[in-house]
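Step one of this worksheet: look at the structure below.
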Amino acid sequence: MVALLLLFLTLPVAVFTKDVKCPEGFLHFKRTPTAKNNHTKNWCMKVSVYENVGNRDNARSVCLGDNATLTIPENREEYEAISAYIRKANISEPHAIDGQMSQRCKLKIFRHQLLRLKINTTAWPGDCNIKKKLFSFDDANTDTTFALSQFGNSIPIGYGYNQHGGPKIFWIDECMKMTRTNDTENRTGIKFVDLSWCMGVDGIDKSNSQFEGRLINSVLCGRHPFITRNMVALLLLFLTIPVAVFTKDPKCPDGFLQFKRTPTARNNHTKDWCVKVFSYSNTGNRDYARSVCIANHAMLTIPENRAEYEAIGEFVRKNNYSAPHAIDGELSSRCKARYLHKWFDTNTVEGECNIKKNLFMFDDINTDPSYILTKFGNRVPSGGGEMSVAESSPKLIFLYGCMVLTQTHLHGNEKALSFANLEWCGGKAHSKNSVGPESLVDSVVCGKHPE
């Protein structure tokens with residue numbers, strides 16, 4: 001017994017205790033502090049029951065109501081302790097947990113689908129390998145290594161496309177969920193991580209066969225026992241000011257504008273870039289917008305400077321497209337969670353959530369975003385709200401997080417000073433009876449290299 005006890009003390013494991021430091025209803029875990037879990041020694045976790053937390057914003061809002069964030073178990077001991085709690089409380093599985101596929105990696109998977117190429121996220125080089133940055137996480141205080149090793153199937157798991165006369169509209173299950181918590185037989189080494197649709201059952205009738213598969217009614221939330229202060233890092237920002245000239249170079253595909261650029265490290269040393277605005281219904285839905293670009297062998301993009309914006313505006317007016325237009329750029333999940341937890345000024349905040357750092361994630365690595373990030377007319381994030389299903393329910397909070405181009409109708413002496421804004425990433429409401437946010441965007445700006 002003594003040897004066994006010493007073994008537990010020397011292993012880097014977390015032990016479940018009922019330490020009163022955690023708020024009521026939370027489990028308390030002791031952790032071995034490392035760089036990968038932000039040197040966290042104590043972590044509190046709770047499984048909250050709430051309808052349709054398969055919707056990622058709903059799940060995030062429920063955690064926020066407990067002054068917490070979406071989280072994941074850091075090791076087998078934490079998973080088993082959480083599972084025992086779930087069985088005791090008779091909570092049905094699956095459970096929403098932290099982890100969402102990165103936008104850039106979704107683009108790569110969609111392209112591979114279009115070209116019918118093999119998708120292998122365990123062997124891919126670069127950021128879209130599962131051991132790299134395939135997933136982004138709200139929680140900076142949990143080492144994700146263990147959870148990422150617990151998928152029972154290769155990734156992606158659920159994915160495909162719909163097509164109704166237009167381009168293929170790709171979809172993918174991208175939000176992580178925890179399963180098998182109610183299994184009572186041999187639990188040794190069971191795999192428990194899966195993926196689900198990030199909008200939950202929004203807009204899906206209960207009679208639809210998809211309803212049960214997308215229904216999630218509980219979420220795993222985590223927080224510190226005490227309020228802690230973050231370490232402040234010295235940030236150095238190096239800016240370049242590139243200049244692009246619009247030309248009618250025939251190297252771009254028919255209908256695309258061609259821009260000459262000054263190659264820099266910030267635009268992946270791109271000398272020529274082709275841009276076109278496509279009119280398509282409901283491109284306020286980010287995956288719809290991304291799919292339209294992919295169908296045209298392109299990607300979501302943004303104007304790199306004033307000359308490009310003016311040329312795009314002229315194209316839009318000529319074709320009588322109404323603003324706003326979907327463009328590249330989406331709030332990072334971690335910064336969104338941090339902002340909902342406690343408001344901060346994205347222009348002055350230290351760290352990755354400064355607007356000049358990693359507040360936004362981009363599909364397009366060939367365009368320097370420095371210029372567009374100076375063209376917001378309002379503070380960022382701008383737009384959002386809250387709603388409650390019942391008086392006793394937590395407030396469901398949402399933010400507008402996807403970038404759009406505005407004011408393209410202005411020209412001449414009416415030139416717009418600010419023309420970037422944010423809209424809801426989910427697009428139009430699924431039905432007339434839907435409750436919640438929506439965005440009315442019916443065109444998208446796509447970019448690609450010349451052929």
With the condition being under 24 Å from Leu359 (Cβ atoms) and among the small types (Gly, Ala, Ser), I'd like the strands (runs of 3 or more DSSP E) fully within region 77-173 carrying at least 1 qualifying residues.
95-101
Under 7 Å between Cβ atoms, at least 6 apart or on separate chains: pull out the pairs that start in region 51-64 with a residue that is more than 17 Å from Thr179 (Cβ to Cβ) and end on any residue that is assigned to a helix (DSSP H, G or I).
Asn52/Asn58; Arg60/Ala337; Arg60/Leu340; Leu64/Leu340; Leu64/His341
Meets criteria (of a type in the set (Gly, Ala, Ser), surrounded by 14 or more Cβ atoms within 10 Å (Cβ to Cβ), over 21 Å from Asp127 (Cβ atoms) and modelled with pLDDT under 95) for Ala390
no
Restricted to region 185-215 and to residues being assigned to a loop (DSSP other than H, G, I, E, B) and of a type in the set (S, T, N, Q), the residue farthest from Gly99 (Cα to Cα) is Ser207
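Residues are listed down the side, and each one gets a yes or a no for (1) more than 19 Å from Tyr85 (Cβ to Cβ); (2) out of contact with any Phe, Trp or Tyr (no Cβ under 9 Å at 6 or more places or on another chain):
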{"residue": "Gln163", "(1), (2)": "yes, yes"}
{"residue": "Ile172", "(1), (2)": "yes, no"}
{"residue": "Thr181", "(1), (2)": "no, no"}
{"residue": "Gly189", "(1), (2)": "yes, yes"}
{"residue": "Glu212", "(1), (2)": "yes, yes"}
Could you say which residue among Leu300, Leu359 is closer than 25 Å to Ser61 by Cβ, in the same structural domain as Ser279 (by the TED database), touching a helix residue (DSSP H, G or I) at 6+ places or on another chain (Cβ under 8 Å) and surrounded by 21 or more Cβ atoms within 10 Å (Cβ to Cβ)?
Leu359
Just the residues that are more than 25 Å from Leu70 (Cα to Cα), in a loop (DSSP other than H, G, I, E, B) and not charged (D, E, K, R), please, taken from region 348-377.
Thr348, Ile365, Asn366, Thr367, Pro369, Ser370, Tyr371, Gly377
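Taking Glu330, is it touching a strand residue (DSSP E or B) at 6+ places or on another chain (Cβ under 7 Å) and buried (at least 16 other Cβ atoms within 10 Å of the Cβ)?
On the way: touching a strand residue (DSSP E or B) at 6+ places or on another chain (Cβ under 7 Å): yes; buried (at least 16 other Cβ atoms within 10 Å of the Cβ): yes.
Taking the combined requirement at face value, the residue satisfies it.
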Of the conditions (1) surrounded by 18 or more Cβ atoms within 10 Å (Cβ to Cβ); (2) at pLDDT 95 or above; (3) within 17 Å of Phe192 (Cα to Cα), Leu134 fails just one. Which one is it?
(3)
Suppose we keep only residues that are modelled with pLDDT of 95 or more and within 14 Å of Ile216 (Cβ to Cβ) within region 63-91. Which one would you say is surrounded by the most Cβ atoms within 10 Å (Cβ to Cβ)?
Leu70
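The values are calculated or read from the model by the stated rules, or taken from the named source; none is laboratory data. All figures in this text were calculated on a predicted structure; none of them were measured in a lab. Heads up, the Cβs are rebuilt from the backbone with ideal geometry, glycines too, and the neighbour counts pull from every protein chain shown.
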